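The values are calculated or read from the model by the stated rules, or taken from the named source; none is laboratory data. Computed from a prediction, not measured in an experiment: that's the story for all the values here. Here Cβ is always computed from backbone atoms with ideal geometry, including for glycine, and neighbour counts include all displayed protein chains. Accessible surface is based on the protein model in full, side chains and every heavy atom, while ligands, DNA and RNA are left aside. Shrake-Rupley method; radii C 1.70, N 1.55, O 1.52, S 1.80 Å.
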Amino acid sequence: MKLVRKDLEKDNAGQVTLIPEEPEDMWHTYNLLQVGDSLRASTIRKVQTESSTGSVGSNRVRTTLTLCVEAIDFDSQACQLRVKGTNIQENEYVKMGAYHTIELEPNRQFTLAKKQWDSVVLERIEQACDPAWSADVAAVVMQEGLAHVCLVTPSMTLTRAKVEVNIPRKRKGNCSQHDRALERFYEQVVQAIQRHINFEVVKCVLVASPGFVREQFCDYMFQQAVKTDNKLLLENRSKFLQVHSSSGHKYALKEALCDPAVTSRLSDTKAAGEVKALDDFYKMLQHEPDRAFYGLKHVEKANEAMAIDTLLISDELFRHQDVATRARYVKLVDSVRENMGTVRIFSSLHVSGEQLGQLTGVAAILRFPVAELSDQEDESSSEED
């Protein structure tokens, strides 16, 4: 993302002009936009024209519109963003108050104006405009007959390909059908890797599976690469890292990212940091439940006691339509930082973010036990009984 201009006033009202440069920037833009904001961008509008003879025709014209945002639609697979709203500035083609949908495009600038730019939104702009936050991890999660080729970017886990091949069972004295099907499966996975993984950007490719599937697959892939003199795979051989996972389904990627060998290799990526934070939370919940809280009310009480060491919060909560609720989450984040706590904002499109979402989207690891909260909970529940 490229920051063209930033005009903010003392009360944090103002506007920002940005140019999204890659698909991931669309996800950042989606998180910046809120209903009630003003969006100015170039768009195409179908306009009816009447000639001097009275015949009516229509043609498409490119014009710049300023909309008051009413609805935002994001397609995570295609990374497309559509914003619907009413025109709030004079335009020769579009009447004031007329509805229009702008489709934001990469490499085309837009200007976003807000009555209040909060700290979370401003931090997202900083991250989006920092080139170090680009996609740098790929993963192949597989089992016999099923594989998912994913890209793990700082903000989301994208499934780029799913390979499914029916593998017949081994029969006594005849394994040829099984072996042929397995070879066909491996070949399709290799093709998916070459098609969807950009080795110029990706620092590491995780190959995760139960049993020996990953070893057999990697042996097959590099034997074929030597036979066919596939320079792309041979030159990037050192980037492949084999790890264990319980299955070939996408959710098994979390286990692969938790592997100590992976965390040390990916220590500079945001995705690995999120997974580790969530893992630490679950461990704390198991061994010291008085130091692991989730749910907004409990986490706010822990924050009042200045007990929060790490706050885990989903970016989905900052897209809440109710301004007061959104402000409550922003206030929590600011307060934890003021008290020298760490804040990790999880992407709801990551596997780890989905899991945090199941825990209400907000959780905290505490510096010290806060037993009273658990006791209060017990007392209130016994009163209800």
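Hey, how much of the P(r) for the chain falls beyond 34 Å, as a percent of Cα pairs? Write down the numbers at each step before the final one.
Numbers: 32356 of 73920 pairs.
So the portion of pairs separated by more than 34 Å is 44 percent.
How much accessible area does Tyr282 have with a 1.4 Å probe, in Å² rounded to the nearest 10?
Taking all protein chains as shown, Tyr282 has close to 80 Å².
For the stretch 1-127, what Kirkwood radius comes out of the mean inverse Cα-Cα distance, in Å? Write out the running numbers ahead of the final one.
Numbers: mean 1/r = 0.0641 Å⁻¹.
Hydrodynamic radius (Kirkwood, Cα pairs) of the stretch 1-127 is 15.6 Å.
Just to be sure I understand: with springs between alpha-carbon atoms less than 10 Å apart, which residue in Arg124, Arg82, Arg169 has the highest mean-square fluctuation in the Gaussian network model of the chain?
So, out of Arg124, Arg82, Arg169, the one fluctuating most is Arg169.
Run the helix sum for the chain: -39,500 (n - 2.57) per DSSP H stretch of 4+ residues, divided by residue count, reported at 222 nm to the nearest 500 deg cm²/dmol.
Values: 12 runs with 139 residues, N = 385.
Taking each H run of at least 4 residues, the total per residue is -11000 deg cm²/dmol.
Sequence neighbours fewer than 8 away in the same chain don't count; with that in mind, list the aspartates and glutamates whose C-alpha is under 14 Å from Lys297.
Glu372, Glu377
Give, rounded to the nearest 20 debye, the magnitude of the charge dipole that the chain has about its Cα centre when Lys and Arg contribute +1 at Cβ and Asp and Glu contribute -1 at Cβ. Before the final figure, lay out each step's value.
Working: 47 positive and 56 negative charges, 388 e Å.
Here the size comes out at about 1860 debye.
For Thr64, what accessible surface area do you get with a 1.4 Å probe? Give it in Å², rounded to 10.
60 Å²
Taking H as built 1.01 Å from N, whose amide H comes closer than 5 Å to the amide H of Ala13, not counting residues under 5 places away?
The list, which skips near neighbours in sequence, is Trp117.
Name the helices (complete DSSP H segments) of the chain with a Cα length along the long axis of 24 Å or more and a Kyte-Doolittle mean of at least -1.0, or state none. Walk me through the numbers on the way to the answer.
Values: long enough: 176-196 (30 Å, -1.11); 270-287 (26 Å, -0.48).
Span-like helices, by this rule, are 270-287.
If contacts are Cα pairs under 8 angstrom and at least 6 residues apart, what is the relative contact order of the stretch 269-377 in percent? Write down the numbers at each step before the final one.
Details: 154 pairs, mean separation 45.1, N = 109.
This gives 41 percent for the stretch 269-377.
Any chance you could run the full-extension gain for Gln223 through Glu126? It's 0.36 nm times the residue separation minus the Cα-Cα distance, nm to one decimal.
Numbers: separation 97, 0.36 × 97 = 34.92 nm, distance 4.42 nm.
Result: 30.5 nm gained on full extension.
Let me know the Rg and Dmax you get for the stretch 269-377 when you use only its Cα atoms, in Å.
In order Rg, Dmax, the Cα atoms of the stretch 269-377 give 13.0, 39 Å.
With a 1.4 Å probe and all protein chains in place, put Phe240, Phe110, Phe368 in order of accessible area, largest first.
Working: Phe240 25, Phe110 5, Phe368 90 Å².
Reading off the accessible areas and sorting them downward yields Phe368, Phe240, Phe110.
Under Stokes-Einstein, with the Kirkwood radius over Cα pairs standing in for Rh, what whole-number D in µm²/s applies to the stretch 174-225 at 25 °C and 0.890 mPa s? Please report the intermediate quantities before stating the final value.
Values: Rh = 12.3 Å.
The estimated diffusion coefficient comes to 200 µm²/s.
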